[in-house]
Amino acid sequence: MSSSSDPTVRQTPAVAATGDATDTILATTQLTKKFGGLTAVDNVDFTIDDGEIRCLIGPNGAGKSTLLELITGQLRPTKGGIYFDGQDLTDLEPHERIDTGISVKFQSPHVYENLTVEQNLRIPLQRTDRDTDAVLEQTLEEISLTEQVEMTAGDLSHGQQQRLEIGMAVTLNPTLMLLDEPVAGMSVEETREVAELIRSLHDDGMAFVVVEHDMEFVTEISDQVTVLNQGQIFRQGPIEEIKADDAVRRIYLGENA
Ligand code: ADP
Ligand code: MG
C-alpha cells in the first residue's frame, strides 16, 4: 500500500496536488504577479492533466505570457505556488525547472540566426545525457527540417524558424511543453504543419499549454480551453462552449463583461 493512503503520513502540497496519485501534472495555487499597481496575474488556480493539450486564450494584456513566465521561472510570483509532477517549483531557478520536465517556446523568437539548424538543435542537448545523434535525427524528422539541416537558421522561412525553436524545446523530451503564440504570423499551410507537429507529440504523451489567438488553430488542437481576462480565469471548458459564450465574445470586443 502506498504511503499516500496512510492518513498519518503528511503529504507536501506539491505531492498532494501533482503527485503520482492524481492525473494533474501542473497546478498553480493563488498565483499572483503584480507590476507596481497593476495585477497582471490575479489569484490564478490553474491545473493541467498529464498528456492534455490546453489552449490559453484571452485579449491582449490578459496576463497569458506573464502566467507562462511564472511557470517557467522567468518571473517570480508576488504570491502563490507552482507545483509540477510532485515537486514544488515556486523557488526553483528556470534551469532547474527545465530539469523537472518543462520546456518552453517564448513569444519572441529565440533561434540563433547565424548558426545552422543542426547547431541550434545541439545547444539544448548539451545539458542532457541523451544520445545526441539519435535525438537530432528524430527531432529533425518531427519538425520536418531534415533537408534544411545544414542551412543557416537566419535563411529559413518564418514558419521553419518557429518549428526549429519548437524542436529545440522538444530535444529535451519534456513532460510539459509551453508554447506562446507558436503560429503568429504564419500562413495557413505553416499553421497546419505546427498543428500536426503538436498533435504527433501529444500522441507520444507530451502535455501542452498553448497560448494562441488563431481560433481555427485552437479548435484543431485542443479540447479544453482556458480564457484569461484581466489576470483572472474567466471561463474554462470545451472549445465549442467557449466559442458560443457571449461573455467571452464581449471581452474580445474590448467590453468588460
Ligand atoms: P498577454 O500575454 O495576455 O497579452 P501579458 O502577460 O504580456 O499579457 O501582460 C499582462 C499585463 O501585464 C499587461 O497589462 C502588460 O502591460 C503588463 N506587463 C507584462 N509584463 C510587464 C513588465 N515586465 N512590467 C510591467 N508590466 C508588465
Ligand atoms: Mg503575450
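Readers should treat all values here as calculations from the given coordinates under stated rules, not as data from a laboratory. Only a predicted model underlies this, so the values are computations on that prediction, with no experimental measurement involved. Here the Cβ is made from the backbone with ideal geometry for all residues, glycine too, and neighbour counts use every protein chain on show.
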Residues meeting the amide H criterion for ILE53 (H placed from the backbone, H to H distance under 5 Å, 5 or more places apart or on another chain) are PHE208, ASP223
Using a cut-off of under 19 Å, list every residue of segment 82-113 whose amide N is near the label point 7 Å from the Cα of THR22 along the Cα-to-beta-carbon line. 82-92, 100-102
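Using 0.36 nm per residue of separation minus the Cα-Cα distance, give me the extension gain between GLN107 and ASP245 in nm, one decimal. Could the numbers behind the result be given before it?
Details: separation 138, 0.36 × 138 = 49.68 nm, distance 2.70 nm.
Stretched fully, the GLN107-ASP245 segment lengthens by 47.0 nm.
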Scan around LYS79 for amide H atoms under 5 Å from its own, H built in the peptide plane at 1.01 Å from N, and keep only partners 5 or more places away or cross-chain. THR32
Mean shadow area of segment 1-146, taken as a quarter of the surface of its Cα convex hull (nm²): 12.0
Spatially near lysine pairs across the chain, Cα under 19 Å, sequence gap of 8 or more or different chains: 7
Could you give the semi-axes, largest first, of the ellipsoid that matches segment 32-86, computed as the square roots of 5 times the alpha carbon gyration tensor eigenvalues and rounded to whole Å? 20, 15, 9
Could you give the length gained on full extension between GLN138 and THR78, defined as 0.36 nm per residue of separation minus the Cα-Cα distance, in nm? 17.6 nm
State the three equivalent ellipsoid semi-axes of the chain, derived from the C-alpha gyration tensor as the square roots of 5 times its eigenvalues, in descending order and whole Å. 29, 25, 17
Taking θ as phi - 60°, what are the ³J(HN,Hα) couplings along segment 98-110 by the Karplus curve (6.51, -1.76, 1.60), each to the nearest whole Hz, with x for Gly and Pro? 4, 5, 7, x, 10, 10, 9, 10, 6, 5, 8, x, 10
In Å, descending, principal axis extents of the Cα set of segment 160-241: 34, 29, 23
Place +1 on the Cβ of every Lys and Arg and -1 on the Cβ of every Asp and Glu in the chain, take the dipole about the Cα centre, and give the residue among LEU125, ILE48, ALA62 whose Cα lies farthest towards its positive end. ALA62
Work out the FRET efficiency for ASP91 and GLU150 from their Cβ-Cβ distance, taking R0 = 35 Å, and round it to the nearest 0.05. 0.25
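Return an integer: the convex hull volume of the alpha-carbon atoms of segment 120-257, in Å³ per residue.
So the per-residue Cα hull volume is 129 Å³.
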